[in-house]
Structure formats: structure tokens, C-alpha cells
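Written out below as C-alpha cells is the structure these notes cover.
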Amino acid sequence: MAEKVKLISHVDAINWNRIEDPVDDEVWDRLTANFWLPEKVPLSNDVPSWNTLTPEEKQLTMRVFTGLTLLDTVQGTVGAVSLIPDSLTPHEEAVYTNIAFMESVHAKSYSSIFSTLSSTKEIDDAFRWSTENQNLQRKADIVLSYYRGDSPLKRKVASTLLESFLFYSGFYLPMYWSSHAKLTNTADLIRLIIRDEAVHGYYIGYKYQKGLERVDEATREELKAYTFDLLFELYENEVQYTHDLYDSVGLSEDVKKFLHYNANKALMNLGYEPMFPKDVTDVNPAILSALSPNADENHDFFSGSGSSYVIGKAVNTEDDDWDF
Amino acid sequence: MTVVYYSSSSNYTHAFAQKLRAAGQHCVRLPLLTKDDTLLMEEPFVLITPTYGAGPRRGAVPKQVIKFLNVPQNRELLCGVIGAGNTNFGETYCQAAHIVAQKCQVPLLYRFELLGLPEDVRNVNEGLNRLWKQKLQRRA
């Protein structure tokens, strides 16, 4: 903690009745409505399932979760906080404080999983692994170096790539277990984290695009090149990290497809076109289905194979502004 | 034949509509603000809507889309709905499109994520062309 914390030089009382950017208001509402705590998830129901895993599978799971804990810690205590002084509106500042707090909730929730499923020794071993794994440390270091840098827009790029891309080598595993009917309550908790990260990535990416509107064309081009360079750098490291974790269980190639799929989504959150072609982003349908239960149903009328019209599933809405 | 879409100021769905425009589809954007007058359609159209809101049961359909569909003539001319979303929202992926399809009894034609992949643009463009052709044949 050698460097001085950068703070906003002037603060006015925040007036939520005068919104400059409606997206701030919408995202605040969405984040606060999504609020959750790990204590609400019945993790102890996963104990019998945990006991069916082999020692290697348990070790892999613990390592994956310490890796995710590290990223959430980075984002909670440095990443989201570092974005506050660059805010365009006071409401944006408030949204980042919410994001920072939720990242700390995420980081703590892995400890809830650990204490439910595992012994103190296994937990300590896994945390030791996380400090010793070079590729994991490198990914945190790369992102932290941009958070410390002096470019507000580069900070947002690094932050969006963390939220929308870097978590997914880890998120893969609980989705994999869930698709095999294992650790399903843990998977429920992870899905809450994924939902939060989706809003964070969307919001920070949106603010990046707002920032781009204020710079000249040459700077925009430079930032675009920077984004793709950083993504490549992180991607290469992520591939190594994936092999470190998943080679022992033979899942690395499947995980990489999930990485490509999410790298595309991270780029889109920043307003750029996706980079990875379809033949390397065809995520295992079981994983996609664990992520979003009806996403892989190939029933869309325009998809080709679907020949029958599908009327939307019975979903009631409590909105009262419909007239029919 | 028209594609009507709603996109917030984040412009995700707008970016997808721009690509459909480039492919030759006629696309019209709903007004950004709920207080603005909505559109009155006079020919068959397909709606593209993103999903909003916090939970599965509230606020999923953008208010501007509700205002537009509250006009009976618009509902009569609605041929189908396309959802824009993100699978990271789990079971609420493209929830608004599901709700509109059910409420208006029209088919859910397609779903895509965020700005859409090139394949999505191609699938939707070709699907719309087939649909427009069917509509014209039925009229003839």
C-alpha cells in the first residue's frame, strides 16, 4: 500500500431526483434488487455430493474457488474503488460503491463454501496454492497494473475484461458439476455471482463507451488496439491457467470454448465486435444449460432446425401498466 | 415489412438493428423515453426487445415496449418477437421476449446475446425474408 489513494477532490450532496444518466438509476435498482448473501443458500445440502468427489476433483474445486476469491478480492478492494474518481456522474460513484461491496460479498461466499465442505487444512492448502500459482498471480498483477495506471478508460477496459472474461475459467467448474447433478447448491450460489458480474460488466463497459464519446478519433483507435492487445495478453495467460487446473481431469479443451464464448461477450460489453469465430465458441450444451436453463433449446423459429412456432412459455408478469 | 426495436441508451440492440439495416431490413427504433409518443404501425412487423429489470416477474419488458403494445392496432400487426439478452442472467435470459410472445400469442422467432454474432445477423435476416415472403403470399 505504498501509493497514495486517489480521491475525488470535490463532492456535492447526491441528488437522486436529478438523474443525468438514466442507466445509473436503472443499474442501481437492478443491483440492489439482486442483493443476496451466501447464508441464504443451503450449501450444507452439498456435503453428501462433495463426499462423492475424488481427492483430485476436490482439490481442483478448492483451487478454482481460491482463484475466484482472489479476483473478487481484487475487484472489491481495488478495481471498483479505483473507478470512483473517474465517474462522470455522482450516481455512477454510488453504483461503484455497490459493486465494490458486492464483490466483497462474492469473495466471502467462497469461504462459506469452503467452511461447509472442507477442512481447515484443505482450505489452507488451497489458499497457499493460489499465492504460488504463477498464472493466477500474473492475471491479478496484469489487471492491478492497469488499475494503478493513469488512464481512466484503460481502467474500465481492464475492469470489464475481469468481470466478463477472467472469471469464467473458474465459473466453468461449478456449472460442470451442476450438469452432473453435483454440488447443485454451490452452483446456485455461483449463478448469483454470475448474474451480478453480468450487470457489472455491462455497466462498466457502458461507461467506457460513454467515455469514448468524449475523446478524439485517434484516441479511440488507440484504445481499441489496447483493448485487443490486453485481451490477447490475458487470454494467453488464461489458457495456461486453464491447463494448470483442468489437464488433470481432461476438461481443458472444453473450458477453452467457454473462455472464447465469454471473451466475445466481454468485447461486446465494451462495444466491440466479437473476435472468436463460431467453431471455437460452441460451448458444451450441458454447460450452457447449467448457466441458463432454456438457453440451448434449439426451438427458435429462425434457427433452421426448428420448424414449429413456439409461443412464449407461461410467464406471468406483475407489471400493472399492461392494458390487456 | 418492418422491424421495430427498443434499445436503451446503452445501444446494444441498436447495434444489432444497424447490422440488420445494412443487410437490407427496414428497422424503426421505439422512442427512448416512456413519456414520448409511441409508434402506430400500419403494416405487419416483428419486434426486437431486450430484457430489463430485477426479477423474473417484474419489469422485464421495457416500459416503452409495453406502451407500444398497449395500442391494439400494433398488437394486431405483430407477427413475432425476437429477444436480445445474456445467458448470464440464467432463467431470465430473454424473459421479455418470452412474456411478449405469450401475452400477444405470437411466435418467439429468435434469441441472441448482447450485440449479436455475425451468424445471428444472418439467421435473423434470412428468417425475416422467409417470413415476409410468406406474408406476401398469404396476402396475394
*Solvent-accessible area per residue for segment A:50-159 at a 1.4 Å probe radius, Å²?*
39
*Please work out, to two decimal places, the log10 of the ratio I(q)/I(0) at q = 0.10, 0.12, 0.13, 0.14 Å⁻¹ from a Debye calculation in which every Cα of chain A carries one identical scatterer.*
-0.63, -0.90, -1.05, -1.20
_In the A-B interface, the accessible area buried, summed over both sides, Å² (probe 1.4 Å)_ = 4900
*Shielding of B:3-10 by partners, i.e. mean partner chain Cβ atoms within 10 Å per residue?*
3
*On average, how many beta carbons from a partner chain sit within 10 Å of the beta carbon of a residue in B:104-114?*
6
*In square nanometres, what is the average projected area of the Cα convex hull of segment A:78-122?*
3.5
*Name the helices (complete DSSP H segments) of chain A with a Cα length along the long axis of 24 Å or more and a Kyte-Doolittle mean of at least -0.5, or state none.*
A:55-74, A:90-117, A:184-212
*asked:* Past the 22 angstrom mark, what percentage of all C-alpha to C-alpha distances in segment A:152-285 do you count?
replied: 40
_List the pairs from A:Lys207/B:Lys19; A:Lys210/A:Lys257; B:Lys103/B:Lys133; A:Lys210/A:Lys265; B:Lys35/B:Lys67; A:Lys154/A:Lys224 whose alpha-carbon separation is above 20 Å, in the order I gave them._
A:Lys207/B:Lys19; A:Lys210/A:Lys257; B:Lys103/B:Lys133
_Based on alpha-carbon centroids, what's the gap between segment B:76-140 and segment A:148-205 in Å, whole number please?_
27
*If you take the alpha carbon radius of gyration of segment A:104-207 and divide it by 2.2 N^0.38 Å, what ratio comes out, to two decimals?*
1.20
_If I take R0 = 51 Å and measure r between the Cβ atoms of A:Asp150 and B:Asn70 in this structure, what FRET efficiency does the formula 1/(1 + (r/R0)^6) give, to the nearest 0.05?_
0.55
*lysines whose Cα lies under 30 Å from that of A:Lys121, excluding same-chain neighbours fewer than 8 positions away*: A:Lys40, A:Lys58, A:Lys108, A:Lys139, A:Lys182
*Over segment A:1-142, consider all pairs of different Cα atoms and compute the Kirkwood hydrodynamic radius from their mean reciprocal separation; express it in Å, one decimal.*
17.5
*How well do other chains shield peptide A:259-266, expressed as the mean number of their Cβ atoms within 10 Å of each residue Cβ?*
2
_Given the DSSP H assignment, sum -39500 (n - 2.57) over each helix run of at least 4 residues in the protein assembly as shown and divide by its residue total; what's the result at 222 nm in deg cm²/dmol, nearest 500?_
-18000 deg cm²/dmol
*Would you calculate the separation in nanometres between label points at A:Ser44 and A:Asp319, each defined as 7 Å from the Cα along the Cα-to-beta-carbon direction?*
4.1
*Provide the gained length on full extension for the span A:Glu273 to A:Ile14, in nm with one decimal, where the gain is 0.36 nm per separating residue minus the Cα-Cα distance.*
89.7 nm
_Tell me the accessible surface of A:Phe65 in square angstrom (1.4 angstrom probe, heavy atoms of protein chains only), to the nearest ten._
10
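The values are calculated or read from the model by the stated rules, or taken from the named source; none is laboratory data. Here the structure is a predicted model, which means the values were calculated and not measured. Neighbour counts run over all protein chains shown; Cβ positions are idealised from the backbone, glycine included. Side chains included, ligands, DNA and RNA excluded: accessible areas come from the protein's heavy atoms. Shrake-Rupley method; radii C 1.70, N 1.55, O 1.52, S 1.80 Å.
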